[in-house]
1. Do any residues in region 124-137 that are free of Cβ contacts under 8 Å to residues at least 40 places away in the same chain have Cβ atoms under 9 Å from those of residues that are assigned to a loop (DSSP other than H, G, I, E, B) and open to solvent by less than 60 Å² (accessible area, probe 1.4 Å), where the two are at least six apart or on different chains, and which pairs are they?
2. Restricting to region 38-67, give me the number of residues that are open to solvent by 60 Å² or more (accessible area, probe 1.4 Å), over 15 Å from the mean Cα position of the chain (by Cα) and not small (Gly, Ala, Ser).
3. With respect to Lys119, is the statement that it is modelled with pLDDT of 95 or more and open to solvent by 90 Å² or more (accessible area, probe 1.4 Å) true?
4. Does Gly124 count as more than 20 Å from Ser39 (Cα to Cα) and surrounded by 14 or more Cβ atoms within 10 Å (Cβ to Cβ)?
5. Does Gln70 meet the test of being open to solvent by less than 10 Å² (accessible area, probe 1.4 Å) and more than 24 Å from Lys150 (Cβ to Cβ)?
6. Only one residue in Ser156, Ser93, Ser162 is at pLDDT 95 or above and either exposed (fewer than 14 other Cβ atoms within 10 Å of the Cβ) or in a helix (DSSP H, G or I) (or both). Which one?
7. Considering each residue of region 73-90, count those that are open to solvent by 20 Å² or more (accessible area, probe 1.4 Å) and among the β-branched types (Val, Ile, Thr), and give that number.
Amino acid sequence: MKRLLLTVVALVGVLSLTIGLSSGFAATRSSGAKVAVASTSLGRILVDARGHTLYLFEKDKRGKSACSGQCATFWPPLITSGKPIAATGVKASLLGTTKRADGRLQVTYNHHPLYGFYKDTRKGQTTGEGLDFFGGEWYAVSPAGKTVEKEAKTASSSGSPSPGYGSGYGY
């Protein structure tokens, strides 16, 4: 009887360990930021898990972010705590990460660090497209990993180019 009890306790321990390891791997996978593709007024572009447009910053060099401080307040980096997840239409081979100055991992696509824009509050908005702030231009990213540039509009049809957050921020 004692031997049977020890065997059962050992099996329960092994099962607990196995279940714990399995859920640990699942948690690691699910902690990765998701990158998807959506159709917008700019065409098919990369979006985050909420469906918000992802942008690249032309000032970034060699896969490293040049956007921190107030820049990152207006253009929040897409941060991940695990391997980024490619949804349908996203090339997993182009997804990666880069370490930011603060130690967090930022998702990259085709070696471009990815960012959101604080004025994009709904799915499909592309209000950050083509803006020139913080020393460089910002563009949505195509599923091929290239910049998406909208056709130029006249000043009267495009409205104010100002994102509306005042002056004094170094742009």
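1. Cβ pairs passing all conditions: Thr127/Phe117; Thr127/Asp120; Thr127/Pro163; Leu131/Phe117; Leu131/Pro163.
2. Taking region 38-67 first, the residues open to solvent by 60 Å² or more (accessible area, probe 1.4 Å) are 39, 41, 44, 49-50, 58-59, 61-62, 64.
Keeping just the survivors that are over 15 Å from the mean Cα position of the chain (by Cα) gives 39, 41, 44, 58-59, 61-62.
Subsequent filtering for residues that are not small (Gly, Ala, Ser) retains 44, 58-59, 61-62.
Within region 38-67, residues that are open to solvent by 60 Å² or more (accessible area, probe 1.4 Å), over 15 Å from the mean Cα position of the chain (by Cα) and not small (Gly, Ala, Ser) number 5.
3. On the way: modelled with pLDDT of 95 or more: yes; open to solvent by 90 Å² or more (accessible area, probe 1.4 Å): no.
No: the conditions fail for Lys119.
4. On the way: more than 20 Å from Ser39 (Cα to Cα): no; surrounded by 14 or more Cβ atoms within 10 Å (Cβ to Cβ): yes.
In short, no.
5. Working: open to solvent by less than 10 Å² (accessible area, probe 1.4 Å): no; more than 24 Å from Lys150 (Cβ to Cβ): yes.
No, not satisfied.
6. Residue meeting the stated conditions: Ser93.
7. 4
The values are calculated or read from the model by the stated rules, or taken from the named source; none is laboratory data. Treat the numbers as computed from the prediction; the structure is a model and nothing was measured. Cβ coordinates were reconstructed from backbone atoms using ideal geometry, including for glycine residues, and neighbour counts include every protein chain displayed. Keep in mind that these areas ignore ligands, DNA and RNA; they rest on the heavy atoms of the full protein, side chains included. Shrake-Rupley method; radii C 1.70, N 1.55, O 1.52, S 1.80 Å.
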